[in-house]
Amino acid sequence: MRRSAFRRSRGEGPFRFATTGAGILLLAIMAAIAVFLVVKAVPALQANTSHFLTEKVWTPNATKPVFGIAALAFGTVLSSFLALIMAVPIAIGVALFISHYAPRRLAGVLGYVIDLLAAVPSVVYGLWGVIFLIPFMQGPSTFLNTYFGWIPLFAGDAVYGKSMLTASVVLAIMILPIIAAISREVFLQAPKMIEEASLALGATRWEMIRMSVLPFGRPGVISAAMLGLGRAMGETIAVALIFPATFDIDIRVLSANGNSIAANIANGFGEATPIGQGALIASGLVLFIITLVVNMAARLIIARRKEFSGAAA
Amino acid sequence: MAKQIEVSDLDAYYGSHKAIEGITMTVEPRSVTAFIGPSGCGKSTFLRTLNRMHEVIPGARVQGKIMLEDQDLYDKDVDPVSVRRTVGMVFQRPNPFPTMSIFDNVAAGLRLNGRISKSEAQGIVETSLKDANLWNEVKDRLNKPGSGLSGGQQQRLCIARAIAVSPAVLLMDEPCSALDPISTLAIEDLIAKLKNDYTIVIVTHNMQQAARVSDRTAFFNLAGQGQPGKLVEMDETSKIFTNPTQKATEDYITGRFG
Ligand SMILES: Nc1ncnc2c1ncn2[C@@H]1O[C@H](COP(=O)(O)OP(=O)(O)O)[C@@H](O)[C@H]1O
Ligand SMILES: [Mg+2]
């Protein structure tokens, strides 16, 4: 038999086997976890005497369990989006300053500090929030309530330091470094050639950034923001310390209302009955689905303008 | 309006490294001036001093004087941004904005100069693309990304983008070196046409190209390894290629070195 010049090379077999095996193993583990969680959640959902998706109250440990995800999911989404709205513009500004404005030495130091901040455990931010931010927020909250009280978000007869807003601020500070760090990396990768193209047309530095750097970095910044959003939604301990832990749907972020799925799990899992644990696991699955949906939306946004992404250049 | 450039005793540095030294020359309006010389002799560096693009590189600086008609480009009160709006540039590798459509690429410079109406932009984009001999190829896909064009088309798109803002001078740094022969010819035709309206300076590695497209040619050379590049001689292109004054020029154009 003639030996083919395109023979599969030796050693590829075991490698193929190892990578395929690892992939299958990973999928199997994930499936096992999912099955386990669903199995735990189902009896609780069956014992529920209210509607899980629309009920606000969370009393799964009672002899007649009543619980629903509505208030918790609302709090998760609202606090995370507020955090994102606060963090992203600042993160982009910081990233641009480091990548395109700061002198090289300062940029190096700042970049390092941001990386450090991104690595700080979230409980540290939570404790800082409790000790410093809750008392501190009284002032700015009163200001917002007095002058912007006509906006439903800031409405209310009284303001509290331990509020949805304070939790969102802690989340924003927590996710800011990671968004800034990734954005900086992305901005640094903007092609010099394209930056020079705009400068040679007579663009100022800011115009150059708008023409060449931001459009190029857009998908990366969106991905960074989604990563930050995911962290904010899943954040547990930092906000468990700060949320008022009520079960109301309240758009007024300065009021003494606010909670999130993750915070509620952290606060409640210890004393939960088996039904209570199942209920919390069900809420965790909802959090997972919300995160998944948000990520898919982000991918759609990125894919929509792929043609113009610069990937081809 | 095409303008004359007068350079006197110009040095350019990268940090402490002096890349070019003592360059003095006059570039005539409504003509094509070619820069030739071996790699690394500072042709690109010199070209970039003419629109103050040299100084965007960290640590890079310039000494000497460049007059564009009666305006000193390196005067303290001159904003480099406004210099670059008057002196356009085309780069060695085509660099259309990848995130913009063909239309927006050509209109990019116009929008920098302030608000312009949509119809005004449409008019200028069309004339610029026509002047760049690209209109017929792209008129049906103006909203498609510029990065989808062929290399030669991209380079003509970059030329259209540069001339859309009606500069006085057009600088081209080896605009054909990344292109195939057909696209190269298309660009050379375009240069011959554009010289009626602009002062054109073109760096080229290709001696035949210099001979074909330019009216005057400047030959640059290095005195030695690590030495700054210098202008050896500058004259009518026909004279440089048939009867140069300097021995080094003759050696270079006959292919004896470089
Ligand atoms: N960005 C840069 N930083 C430092 N030195 C540079 C840079 N660009 C060019 N040089 C140096 O300047 C000299 C002239 O280069 P260049 O102008 O690119 O020559 P040419 O275009 O004639 O090939 C070379 O010695 C080169 O190494
Ligand atoms: Mg060069």
Breaking point among (1) open to solvent by less than 10 Å² (accessible area, probe 1.4 Å); (2) within 22 Å of the chain's Cα centre (by Cα), for A:ALA245: (1)
Among residues of segment B:1-19 being of a type outside the set (A, V, I, L, M), within 8 Å of ligand 1 (Cβ to nearest atom) and part of a strand (DSSP E or B), the residue nearest to the other protein chains (Cβ to nearest Cβ) is B:TYR14
Against the condition open to solvent by less than 50 Å² (accessible area, probe 1.4 Å) and within 15 Å of the chain's Cα centre (by Cα), how does A:ALA158 come out, does it pass? no
Would you call B:ASP197 more than 16 Å from ligand 2 (Cβ to nearest atom), open to solvent by less than 50 Å² (accessible area, probe 1.4 Å) and either within 14 Å of chain A (Cβ to nearest Cβ) or among the charged types (D, E, K, R) (or both)? no
Failed item, numbered, when B:LYS118 is tested on (1) more than 11 Å from every other protein chain (Cβ to nearest Cβ); (2) at pLDDT 95 or above; (3) under 20 Å from B:VAL138 (Cβ atoms): (2)
Before we move on, is B:ARG85 under 23 Å from the mean Cα position of the chain (by Cα) and part of a helix (DSSP H, G or I)? yes
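Specify which of the listed residues (A:VAL294, A:VAL221) is within 14 Å of chain B (Cβ to nearest Cβ), among the aliphatic types (A, V, I, L, M) and out of contact with any Phe, Trp or Tyr (no Cβ under 8 Å at 6 or more places or on another chain). Explain how you work it out, then say what you get.
On the way: A:VAL294 fails: within 14 Å of chain B (Cβ to nearest Cβ).
Going through A:VAL294, A:VAL221 in turn, the sole match is A:VAL221.
May I ask you to verify whether B:GLU55 is away from ligand 1 (no atom under 11 Å from the Cβ), of a type in the set (Asp, Glu) and part of a helix (DSSP H, G or I)?
Values: away from ligand 1 (no atom under 11 Å from the Cβ): yes; of a type in the set (Asp, Glu): yes; part of a helix (DSSP H, G or I): yes.
Here the answer is yes, as B:GLU55 does meet what is asked.
Which of the residues belonging to segment B:34-52 are more than 10 Å from ligand 2 (Cβ to nearest atom) and either surrounded by fewer than 24 Cβ atoms within 10 Å (Cβ to Cβ) or over 18 Å from B:LEU73 (Cβ atoms) (or both)? Spell out how you get there, then give the answer.
Of all residues in segment B:34-52, those more than 10 Å from ligand 2 (Cβ to nearest atom) come to B:34, B:36, B:38, B:49-52.
Those that are more than 10 Å from ligand 2 (Cβ to nearest atom) and either surrounded by fewer than 24 Cβ atoms within 10 Å (Cβ to Cβ) or over 18 Å from B:LEU73 (Cβ atoms) (or both): B:ALA34, B:ILE36, B:PRO38, B:LEU50, B:ARG52.
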In segment B:95-115, anything at the interface with chain A (Cβ under 9 Å from one of its Cβ atoms) and not in a helix (DSSP H, G or I) is listed as B:ASN95, B:PRO96, B:PHE97, B:PRO98, B:THR99, B:MET100, B:SER101, B:ASN113
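Taking B:MET67 as the residue in question, decide whether it is at pLDDT 95 or above, more than 18 Å from B:GLY229 (Cβ to Cβ) and more than 16 Å from ligand 1 (Cβ to nearest atom). Spell out how you get there, then give the answer.
Working: at pLDDT 95 or above: yes; more than 18 Å from B:GLY229 (Cβ to Cβ): yes; more than 16 Å from ligand 1 (Cβ to nearest atom): yes.
Yes; evaluated as a whole, the condition is true for this residue.
Specify which of the listed residues (A:ILE301, A:ILE265, A:ILE281) is surrounded by 15 or more Cβ atoms within 10 Å (Cβ to Cβ) and touching a residue at least 40 places away in the same chain (Cβ under 8 Å).
Answer to the selection: A:ILE281.
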How many residues of segment B:223-258 are crowded, with 19+ Cβ neighbours inside 10 Å and in a strand (DSSP E or B)? The answer is 4
Is it true that some residue in segment B:20-28 is more than 17 Å from B:ALA168 (Cα to Cα), outside any strand (DSSP E or B) and within 11 Å of ligand 1 (Cβ to nearest atom)? no
Selection from segment B:1-21 of residues more than 16 Å from ligand 2 (Cβ to nearest atom) and open to solvent by less than 40 Å² (accessible area, probe 1.4 Å) yields B:ALA2, B:ILE5, B:VAL7, B:LEU10, B:ASP11, B:TYR13, B:GLY15
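B:VAL90 - would you say it is within 12 Å of chain A (Cβ to nearest Cβ) and within 16 Å of ligand 2 (Cβ to nearest atom)? Walk me through how you get there before you give the answer.
Details: within 12 Å of chain A (Cβ to nearest Cβ): yes; within 16 Å of ligand 2 (Cβ to nearest atom): yes.
It is true that B:VAL90 is within 12 Å of chain A (Cβ to nearest Cβ) and within 16 Å of ligand 2 (Cβ to nearest atom).
Out of everything in segment A:58-72 that is assigned to a loop (DSSP other than H, G, I, E, B) and of a type outside the set (Gly, Ala, Ser), what residue ends up being nearest to the chain's Cα centre (by Cα)? So that I can check it myself, show each step before the final result.
Taking segment A:58-72 first, the residues assigned to a loop (DSSP other than H, G, I, E, B) are A:60-65, A:68-69.
Subsequent filtering for residues that are of a type outside the set (Gly, Ala, Ser) retains A:60-61, A:63-65, A:69.
On the way: A:PRO60: 27, A:ASN61: 30, A:THR63: 36, A:LYS64: 35, A:PRO65: 31, A:ILE69: 19 Å.
This residue is A:ILE69.
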Which pairs turn up if I take residues in segment B:82-108 that are under 17 Å from B:SER183 (Cβ atoms) and look for partners that are within 16 Å of ligand 1 (Cβ to nearest atom) and open to solvent by less than 10 Å² (accessible area, probe 1.4 Å) with beta carbon separation below 8 Å, at least 6 apart in sequence or on another chain? B:VAL90/B:LEU171; B:VAL90/B:MET172; B:VAL90/B:PRO175; B:PHE91/A:ALA200; B:PHE91/B:PRO175; B:GLN92/B:PRO175
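Does segment B:55-72 contain at least one residue that is buried (at least 17 other Cβ atoms within 10 Å of the Cβ), in contact with a helix residue (DSSP H, G or I) (Cβ under 9 Å, 6 or more places away or on another chain) and at the interface with chain A (Cβ under 9 Å from one of its Cβ atoms)?
Looking only at segment B:55-72, we keep the residues that are buried (at least 17 other Cβ atoms within 10 Å of the Cβ), and these are B:56, B:60, B:62, B:64, B:66-68.
Keeping just the survivors that are in contact with a helix residue (DSSP H, G or I) (Cβ under 9 Å, 6 or more places away or on another chain) gives B:56, B:60, B:62, B:64, B:66, B:68.
Still in the list and also at the interface with chain A (Cβ under 9 Å from one of its Cβ atoms): B:56.
Yes; the residues of segment B:55-72 include at least one that is buried (at least 17 other Cβ atoms within 10 Å of the Cβ), in contact with a helix residue (DSSP H, G or I) (Cβ under 9 Å, 6 or more places away or on another chain) and at the interface with chain A (Cβ under 9 Å from one of its Cβ atoms).
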Mind listing whichever residues of segment A:141-162 are closer than 18 Å to A:ASN257 by Cβ and assigned to a helix (DSSP H, G or I)? A:SER141, A:THR142, A:LEU144, A:ASN145, A:PRO152, A:LEU153, A:PHE154
Within segment B:125-206, considering only helices (runs of 4 or more DSSP H) that don't extend past its boundaries, which have at least 3 residues that are under 17 Å from the mean Cα position of the chain (by Cα), under 11 Å from B:VAL90 (Cβ atoms) and touching a residue at least 40 places away in the same chain (Cβ under 8 Å)? B:151-163, B:181-194
Based on what the data block shows, is A:ARG7 modelled with pLDDT under 90 and surrounded by 10 or more Cβ atoms within 10 Å (Cβ to Cβ)? no
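Restricted to segment B:29-52, and to residues that are away from ligand 1 (no atom under 11 Å from the Cβ) and hydroxyl-bearing (Ser, Thr, Tyr), which residue is farthest from the other protein chains (Cβ to nearest Cβ)? Don't jump to the end; show me each part of the working.
Of all residues in segment B:29-52, those away from ligand 1 (no atom under 11 Å from the Cβ) come to B:29-34, B:50-52.
Subset that is hydroxyl-bearing (Ser, Thr, Tyr): B:31, B:33.
Working: B:SER31: 22, B:THR33: 19 Å.
Once the filter is applied, the top-ranked residue is B:SER31.
The values are calculated or read from the model by the stated rules, or taken from the named source; none is laboratory data. Fair warning: this is a prediction, and the values are worked out from it, not measured in the lab. All Cβ positions, glycine included, derive from the backbone under ideal geometry; neighbour counts span all protein chains shown. Please note that ligands, DNA and RNA were not included when accessible areas were found on the heavy atoms of the full protein model with its side chains. Shrake-Rupley method; radii C 1.70, N 1.55, O 1.52, S 1.80 Å.
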